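A short write-up of the structure that comes next.
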Amino acid sequence: MISTCRAALLLLMLFMMGCSHPMKPLDPKGIVDLTHPFSEQTLYWPNAEDFRLEKVFDGPTEKGYHYSANRYQAAEHGGTHMDAPIHFFAGGETVEKVPLDKTIGPGIVVDVSENALKDRDMLVSVADFIAFETRHGPIARHSIVLIRTGYDRFWPSRERYLGTAERGQAAIAKLHFPGLSPAAADWLVKQRAVRAVGLDTASIDRGMSRFFESHRIFAAAGVPIFENLMHLDQLPAKAFEVIALPMKIEGGSGAPLRVVGRPVAP
Ligand SMILES: [Zn+2]
């Protein structure tokens, strides 16, 4: 009896060890939320105001029922959000005009965290995508390409996530976090016809960028950009779908985003 219990325990332990593998098993029901919560702690660009939630009413009403309601204020380009093409391309689509088949589709995660965590100014290069393809096969056309730098672990520390805790226009020159090289942005558009791109830093162009070339390349190609993602480590490298739904702000250049990944059978 005891030996049966031991054998069962051993099996259970082996099963649990299998589950602790960093790549989660494919579970069609397992939805991974890639969205930071919106609160006073949410990080915005140094010259933008913070997210504000103001209480309108909270408590019992005179008529005896409970009632709770707030109002909020937020910049378009902070927290987990989408950049619409108009953000960096005159005549590009505004938020409400971005087709949903560009924000929902098959995804991949390119993990560059090992190098990115060693170098705040890292530029993700074409070589990083070639390395991904060598390991996982070609990036299918119309994929949503998510880049994992690992910087979501620093959220919500302004200093560690953005490279400076300072605020205001002058602080923009002090930003240091990784991003995508313009050459790689061009390659993703022209050679892999990406549907959308996203990453777990504040901007697709690295903190040091002054001309935002990668933003401009994607915007000109009509490719939406997702920024300030989290939990990309909880997705497999491929065989998942991304569902990204921006708030439908008419005329918006960007919008808060609820974005999830859901593993699917390969
Ligand atoms: Zn943005």
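The values are calculated or read from the model by the stated rules, or taken from the named source; none is laboratory data. All values reported here derive from a predicted model rather than from experimental measurement. Cβ coordinates were reconstructed from backbone atoms using ideal geometry, including for glycine residues, and neighbour counts include every protein chain displayed.
Quick check: is even one residue across region 56-63 surrounded by 11 or more Cβ atoms within 10 Å (Cβ to Cβ), at pLDDT 95 or above and either away from the ligand (no atom under 12 Å from the Cβ) or assigned to a loop (DSSP other than H, G, I, E, B) (or both)? Give the steps one after another, and end with the answer.
Residues of region 56-63 surrounded by 11 or more Cβ atoms within 10 Å (Cβ to Cβ): none.
So far as region 56-63 goes, no, none of its residues is surrounded by 11 or more Cβ atoms within 10 Å (Cβ to Cβ), at pLDDT 95 or above and either away from the ligand (no atom under 12 Å from the Cβ) or assigned to a loop (DSSP other than H, G, I, E, B) (or both).
So Lys102 ticks every box in (1) within 30 Å of Asn47 (Cα to Cα); (2) surrounded by fewer than 19 Cβ atoms within 10 Å (Cβ to Cβ) but one. Which box is left unticked?
With respect to (1) within 30 Å of Asn47 (Cα to Cα); (2) surrounded by fewer than 19 Cβ atoms within 10 Å (Cβ to Cβ), Lys102 is out only on (2).
Could you please tell me which pairs satisfy a Cβ distance under 9 Å, a separation of 6+ or placement on different chains, a first residue in region 69-81 that is without any contact (Cβ under 8 Å) to a residue 12 or more places away in the chain, and a second residue that is acidic (Asp, Glu) and within 16 Å of the ligand (Cβ to nearest atom)?
none
Since Asn47 meets every condition but one in (1) away from the ligand (no atom under 16 Å from the Cβ); (2) part of a loop (DSSP other than H, G, I, E, B), which condition does it not meet?
(1)
For region 166-178, indicate whether the set of residues that are surrounded by fewer than 24 Cβ atoms within 10 Å (Cβ to Cβ), under 20 Å from Tyr44 (Cβ atoms), of a type in the set (Phe, Trp, Tyr) and under 19 Å from the mean Cα position of the chain (by Cα) is non-empty.
Checked region 166-178: no residue is surrounded by fewer than 24 Cβ atoms within 10 Å (Cβ to Cβ), under 20 Å from Tyr44 (Cβ atoms), of a type in the set (Phe, Trp, Tyr) and under 19 Å from the mean Cα position of the chain (by Cα).
Any residue in region 168-184 that is of a type in the set (S, T, N, Q) sitting within a Cβ distance under 7 Å of a residue that is not in a helix (DSSP H, G or I)? List the pairs, counting only those 6 or more apart or interchain.
The qualifying pairs are Gln169/Asn47; Ser181/Leu123; Ser181/Val124; Ser181/Ser125.
Please state which one of Glu166, Glu241 is out of contact with any strand residue (DSSP E or B) (no Cβ under 6 Å at 6 or more places or on another chain) and of a type in the set (Asp, Glu).
Numbers: Glu241 fails: out of contact with any strand residue (DSSP E or B) (no Cβ under 6 Å at 6 or more places or on another chain).
Among Glu166, Glu241, only Glu166 is out of contact with any strand residue (DSSP E or B) (no Cβ under 6 Å at 6 or more places or on another chain) and of a type in the set (Asp, Glu).
Being touching a helix residue (DSSP H, G or I) at 6+ places or on another chain (Cβ under 7 Å), crowded, with 17+ Cβ neighbours inside 10 Å and not charged (D, E, K, R) is the filter here; which residues of region 238-263 pass it?
Scanning region 238-263 gives Pro246, Gly252, Ser253, Gly254, Ala255.
Starting from region 203-221, take each residue that is more than 18 Å from Trp45 (Cα to Cα) and touching a residue at least 12 places away in the same chain (Cβ under 8 Å) and list its partners that are among the aliphatic types (A, V, I, L, M) and within 13 Å of the ligand (Cβ to nearest atom), counting only C-beta distances under 6 angstrom and pairs at least six apart or across chains.
Correct list of pairs: Phe218/Ile225.
Taking Ser214, is it in a helix (DSSP H, G or I) and not aromatic (Phe, Trp, Tyr)?
Numbers: in a helix (DSSP H, G or I): yes; not aromatic (Phe, Trp, Tyr): yes.
Against the criterion (in a helix (DSSP H, G or I) and not aromatic (Phe, Trp, Tyr)), Ser214 qualifies.
Across region 89-121, what is the number of residues that are part of a loop (DSSP other than H, G, I, E, B), over 17 Å from the mean Cα position of the chain (by Cα) and touching a residue at least 12 places away in the same chain (Cβ under 8 Å)?
First, the residues of region 89-121 that are part of a loop (DSSP other than H, G, I, E, B): 89-94, 98-99, 103, 112, 117-121.
Keeping just the survivors that are over 17 Å from the mean Cα position of the chain (by Cα) gives 89-94, 98-99, 118-121.
Remaining after also requiring touching a residue at least 12 places away in the same chain (Cβ under 8 Å): 89, 92-94, 98, 119-121.
Counting residues in region 89-121 that are part of a loop (DSSP other than H, G, I, E, B), over 17 Å from the mean Cα position of the chain (by Cα) and touching a residue at least 12 places away in the same chain (Cβ under 8 Å) gives 8.
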